[in-house]
Amino acid sequence: MKIHEYQAKEIFARYNIPVTHEILCYTADEVVAAAEELGYPAVVKAQVLTGGRGKAGGVKLVKNANEAREAAAKILGMDIKGYTVEKVLLAEGVKFHSEIYVGLTIDRNSKSVILMVSREGGVEIEDVAKENPDAILKFPIEADLGMPSFLARKMAFQLFDDFSLVKQAADIFQKLYKICFETDASLVEINPLVITDDNTLLALDGKMNFDDNALFRQPEIEKLFEPDENELKEILAKEKGLSYIKLDGNIGYMVNGAGLAMATMDMIKMYGGEPANFLDIGGSSNPQKVIDAMNLILSDENVKVVMINIFGGITRCDDVARGLLAALEQLNVKVPIVVRLSGTNAKEGLEILHGASLTVVESMTEAAKKAIELSKI
Ligand code: GDP
Ligand code: MN
C-alpha cells in the first residue's frame, strides 16, 4: 500500500523529523489562500501515488498569488503517469544548496532493512543509481542491533564532514528506522532531504509504502489508504472471491488457480500477445463467480478478446460453462470469447456450451494463438 507525500510527511512530523510547513488543497482558491498564509515563495505540488512528479511538471515554485493560481490551475486535473491530480500540496518555498537522498527499504539479499543515502539526491536519483551507483551508499541494519546512535552517526559521517549536519542526519536516520519498524513500512524515503541556507536538514518530499500483509495490525495506517479506480476493482474482486489485477494489454483472461494464471500469461506473451489482466477464479467454481469474473474483465475498455482457460480439478468445467452461458445472457458481450476446458466434467461443460457464440479450442496453446489472432482484428 502506498500513501501520498502529505500523509508520509504527517507521519514524519509525528516523529519530529523536520518537514516543510504545508497545506493540502483541492481548488485553485484554496491554493492561493494557503500561499497567502504561508508566504512566498511557495511550492505547488501534485499529490498522486507515483514518483517523478517534478519531471512531469507537477511541482512548481511560485512567487505571488497570480503564479500560485496559475500553477494550481495547471496542476489540478493534470495526468501524471495515468494518475489524475485531484489535490495539491501548497508548501513553503525553501532555499537550499544541496539535495540528499535517504531511503530505508527491505533488502532480501541481506535479509535486513537497509539504509541508502546519497549526496546526489533530487529528481535525477534514478540516473545516479544507473550511471554512478557508487554515489549511493548502502548500509544493512542488523535487526538485533537496530539503529543505535553510534551506528547512525557512523553512517552520517560518510555523508558529511560538518558535525552539526552529522548530528541532524543521525537523528533523522534513527527516527526513520523507528517509523519503518513501527508502521510495518516496506519503504520510507526522503528525496530530497535538503541542506537549507542556514545549515539545517529539512525533508522536502516523503514517500512510504507498507506491507499489505501487516495492515491487519496497523489500523491507523490502513485508514490512510486511498485506492485508485483499479485498486477499487481489485478490492471488489477480492470480496467476490476472485483475484484480479489489471494489466495494460488487450487480451482479457480468466483461469482457475494462480499457477495457471501465470502460465497463461507466459503463453500469451510467448506468442506475441499482451494480457489485459490477471484473473483467477480460484479453486471451487460456482456459476456466479464466472459471471462476476466476466463482468470485471469486460469493464476494461482495452479488452478486445476474452480467453477462458480452465483446467478442472476441484473446479468443475460444467459449472464454469453454466456461468459462462448465464454471463452471455446477462451481459452485453461485444468481444469474441475463446474457451478451452479440460479436466473435471470437461465433456459435460462442452456440451453445455454447444451452439453458444464462442470459439471452443482443445489446448492452451491453441487458445492463446486464437485469442491473439482475434485481438488483432
Ligand atoms: P518528485 O519529483 O515527485 O520526487 O517531487 P519532489 O517533492 O521531490 O520535488 C521535485 C523537486 O522540486 C525537488 O527535488 C526539488 O529540487 C524541487 N523542490 C521541491 N520543493 C521545493 C522547495 O520548497 N523549494 C525549491 N526551491 N525547490 C523545491
Ligand atoms: Mn522526490
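The angle between the Cα long axis of helix 5-14 and the longest principal axis of the Cα atoms of the chain comes to about 50 degrees, rounded to the nearest 10. Full extension of the segment from residue 284 to residue 13, taken as 0.36 nm per residue of separation minus the current Cα-Cα distance, would add 92.8 nm.
Taking each residue as 0.36 nm, the span from residue 262 to residue 314 lengthens on full extension beyond its C-alpha to C-alpha distance by 16.8 nm.
FRET efficiency for the residue 198 to residue 79 pair, using the beta carbon distance and R₀ = 41 Å, is estimated at 0.60. Counting every other Cβ atom within 10 Å of each residue's Cβ, 15, 244, 6 order from fewest to most as 15, 6, 244. Name the shape class, rounded, prolate or oblate, that the alpha-carbon gyration tensor gives for the stretch 229-375, where a ≥ b ≥ c are the square roots of its eigenvalues, rounded holds for a/c under 1.5, and otherwise prolate holds if a/b is larger than b/c and oblate otherwise. Verdict is rounded for the stretch 229-375.
Helix 258-270 against the longest principal axis of the chain: what's the angle in degrees, Cα atoms only, rounded to the nearest 10? In the chain, helix 258-270 runs at an angle near 90 degrees to the longest axis. Its Cα centre serving as origin, the chain has a Cβ charge dipole (Lys and Arg +1, Asp and Glu -1) of approximately 620 debye. In a reduced charge model with +1 at each Lys and Arg Cβ and -1 at each Asp and Glu Cβ, the stretch 62-162 shows a dipole moment near 240 debye about its Cα centre. Maximal additional length on extending the residue 161-residue 112 stretch stands at 14.9 nm, based on 0.36 nm per residue less the C-alpha distance.
With the charge dipole of the chain set up from +1 on Lys and Arg Cβ and -1 on Asp and Glu Cβ about the Cα centre, the Cα lying farthest toward the positive end among the listed residues 339, 26, 1 is that of 339.
Counting lysine pairs in the stretch 229-375 whose alpha carbons fall under 12 angstrom apart, excluding pairs fewer than 8 residues apart on the same chain, gives 5. Of the options 72, 56, 41, report the single residue whose Cα projects farthest towards the positive end of the charge dipole of the stretch 21-92 (beta-carbon charges: Lys, Arg +1; Asp, Glu -1). With unit charges placed on the Cβ atoms, the residue in question is 56. For the chain, the longest principal axis of the alpha carbon atoms and the long axis of helix 28-38 meet at an angle near 30°. Ranked for footprinting exposure by Cβ neighbours inside 10 Å, fewest first, 83, 101 give 83, 101.
With a Förster radius of 51 Å applied to the beta-carbon distance between residue 137 and residue 326, the computed FRET efficiency rounds to 0.30. Simple rule: put +1 on each Lys or Arg Cβ and -1 on each Asp or Glu Cβ in the chain, find the dipole, and look at 377, 358, 326; the Cα lying farthest toward the positive end is 358. Once you divide the Cα radius of gyration of the chain by 2.2 N^0.38 Å, the number left is 1.23.
Here the calculated FRET efficiency for residue 29 and residue 220, from their Cβ-Cβ distance with R0 = 35 Å, stands at 0.65, rounded to the nearest 0.05. Within the stretch 229-375, antiparallel bridges make up roughly 20 percent of the DSSP beta bridges whose residues both belong there.
Ordering 136, 221, 251, 268 from the fewest to the most neighbouring beta carbons within 10 Å gives 136, 221, 268, 251.
Values quoted throughout were computed directly from the atomic coordinates according to the rules given, and no laboratory measurement underlies them. A quick note: this is a predicted structure, and the numbers were derived from the prediction, not measured. Neighbour counts are summed over all protein chains in view; Cβ atoms, including those assigned to glycine, are modelled from backbone coordinates with ideal geometry.
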